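What follows is one structure encoded as structure tokens, with my remarks underneath.
The values are calculated or read from the model by the stated rules, or taken from the named source; none is laboratory data. Quick caveat: nothing in here was measured; it's all calculated off a predicted structure. Glycine also receives a Cβ, built like all others from the backbone with ideal geometry; neighbour counts cover every protein chain displayed.
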Amino acid sequence: MRAKSFEFLKALAEAPSPSGYEQPAQKVFREYIRGSVDEVRTDVLGNTFGYIRGKKTKPIVMLAGHCDEIGFMVTYIDENGFAFFSPIGGVDTQLLPGKRVWIHTAKGPRVGVMGRKAIHLIDPKDREKVVQVHNLFIDFGAKDKKEAESLVKIGDPITFAVGLERLHGDRVVSRGFDDKMGSFVVGEVLRRIGERKERPPCPVYGVSTVQEEIGLRGATTSAYQVQPDVGIAIEVGHASDYPEVEKKRVGEYKLGFGPILARGANINPAVFDLLQKAARRGKIQVQILGAPRATGTDANVMQLSRKGVATGLVSVPLRYMHTPGEVLSLKDLDAACDLLVEFIGLLREDMNFTPK
Ligand SMILES: [Zn+2]
């Protein structure tokens, strides 16, 4: 991966952006695409749009990757200065005890730790018990309620206190790859297309969407505004190449084997075919996902916007989704960008996406 692109990925992943609090990530996105697009705009929900004019005015294509990440929110401070919290999005509570977090206050991040009774003090019969989120709390060092309330406010968002790091080879680990890597792909495709002398065949909107983790909310309003003919969501997909994941339930998806193309009711067949054609032309290895229902992605609401949109879903294989240690391959990320650049190059004014 190009050094500047890697910097962009790292900055996006590390910018705090729990659903509803995405603007630090959107600022990174705007700065990266600004020089390559004809227009940059952010709407009232916080979705950020990059627009590149095409040679023709049809079909309008929209790429969507959500920049919100899972996290927590401060909901109560007790008399001893401990902060209680609720999850933002689907967090695995079993992961939480002992984790360090950043509480993102108006004055910047404040380090805290999710406290837990020492194992010596837990009755042996209780040691196997499942942790409940309402039994957990954050200790950020305050001596009492008064001091705590001067440092942290109700409604402040919280993230795990970890950033992006390289593992061996092309593998990287971070919190929030779901789906800041999707926002990355959108920004990177806009840059690659925008830096070319030749305009793309059709108008391209790249949208870094918000509030996906709490109900696909940003993609709903952004698809309504853009009115695309073709919409592609870029998301993380479950890799199944690590211990304890059952291939017969999840399918076979491996890191380093390229982006995953979904098929099924949420996916327009002509868009799926065109994505496959783009993969062949670009000599890009892809993996195929059978998705019999509406997917839990921005592709779901894009497809149902207004009179309907011809929708596709490109996923990047990811291990340990919704944990602070999500792992992916930079090679797969680059391949997803290559694929979408090829795909947009194949779009033509007279294309018909009505199923035959
Ligand atoms: Zn996601």
**Prompt:** With respect to the numbered conditions (1) more than 16 Å from the ligand (Cβ to nearest atom); (2) in the same structural domain as Ala299 (by TED's automatic domain parsing); (3) part of a helix (DSSP H, G or I), which one is the sole condition not fulfilled by Met181?
**Reply:** (1)
**Prompt:** Just one of Asp78, Asp170 is away from the ligand (no atom under 16 Å from the Cβ), of a type in the set (Asp, Glu), surrounded by fewer than 20 Cβ atoms within 10 Å (Cβ to Cβ) and farther than 28 Å from Val327 by Cα; which is it?
**Reply:** Asp78
**Request:** Mind listing whichever residues of the range 37-49 are in a loop (DSSP other than H, G, I, E, B) and crowded, with 19+ Cβ neighbours inside 10 Å?
**Result:** Val37, Gly46, Asn47
**Asked** Taking Arg34, is it in a strand (DSSP E or B), among the basic types (Lys, Arg) and surrounded by fewer than 24 Cβ atoms within 10 Å (Cβ to Cβ)?
**Response** no
**Request:** Can you tell me which residue within the range 50-68, out of those that are more than 19 Å from the chain's Cα centre (by Cα) and part of a strand (DSSP E or B), is surrounded by the most Cβ atoms within 10 Å (Cβ to Cβ)?
**Result:** Val61
**Request:** Tell me which residues, restricted to the range 85-135, are surrounded by 14 or more Cβ atoms within 10 Å (Cβ to Cβ), in contact with a Lys or Arg (Cβ under 8 Å, 6 or more places away or on another chain) and small (Gly, Ala, Ser).
**Result:** Gly112
**Item:** Spans of strands (runs of 3 or more DSSP E) in the range 199-302 with at least 2 residues surrounded by fewer than 20 Cβ atoms within 10 Å (Cβ to Cβ), at positive phi and aliphatic (A, V, I, L, M)
**Value:** none
**Item:** Check on Gly141, exposed (fewer than 15 other Cβ atoms within 10 Å of the Cβ), within 16 Å of the ligand (Cβ to nearest atom) and not in a helix (DSSP H, G or I)
**Value:** no
**Message:** From the list Leu275, Leu216, Leu261, exactly one residue is within 14 Å of Val61 (Cα to Cα) and in the same structural domain as Asp298 (by TED's automatic domain parsing). Which is it?
**Reply:** Leu275
**Item:** Close pairs from the range 286-298: first in the same structural domain as Val236 (by TED's automatic domain parsing) and over 18 Å from Asp178 (Cβ atoms), partner among the hydrophobic types (A, V, I, L, M, F, W, C) and within 16 Å of the ligand (Cβ to nearest atom), Cβ under 9 Å, at least 6 apart
**Value:** Val286/Ile260; Val286/Val314; Ile288/Ile260; Ile288/Ala262; Gly290/Ala262
**Asked** Would you pick out the residues in the range 84-110 that are among the β-branched types (Val, Ile, Thr) and under 14 Å from Lys153 (Cα atoms)?
**Response** Ile103, Thr105
**Request:** Just one of (1) more than 15 Å from the ligand (Cβ to nearest atom); (2) in contact (Cβ under 8 Å) with a residue 60 or more places away in the chain; (3) surrounded by fewer than 19 Cβ atoms within 10 Å (Cβ to Cβ) trips up Leu190, so point out which.
**Result:** (3)
**Asked** From the list Gly282, Gly258, Gly231, Gly237, which one is touching a helix residue (DSSP H, G or I) at 6+ places or on another chain (Cβ under 6 Å) and under 19 Å from Phe177 (Cβ atoms)?
**Response** Gly258
**Message:** Quick check on Ile154: is it surrounded by fewer than 24 Cβ atoms within 10 Å (Cβ to Cβ) and among the aliphatic types (A, V, I, L, M)?
**Reply:** yes
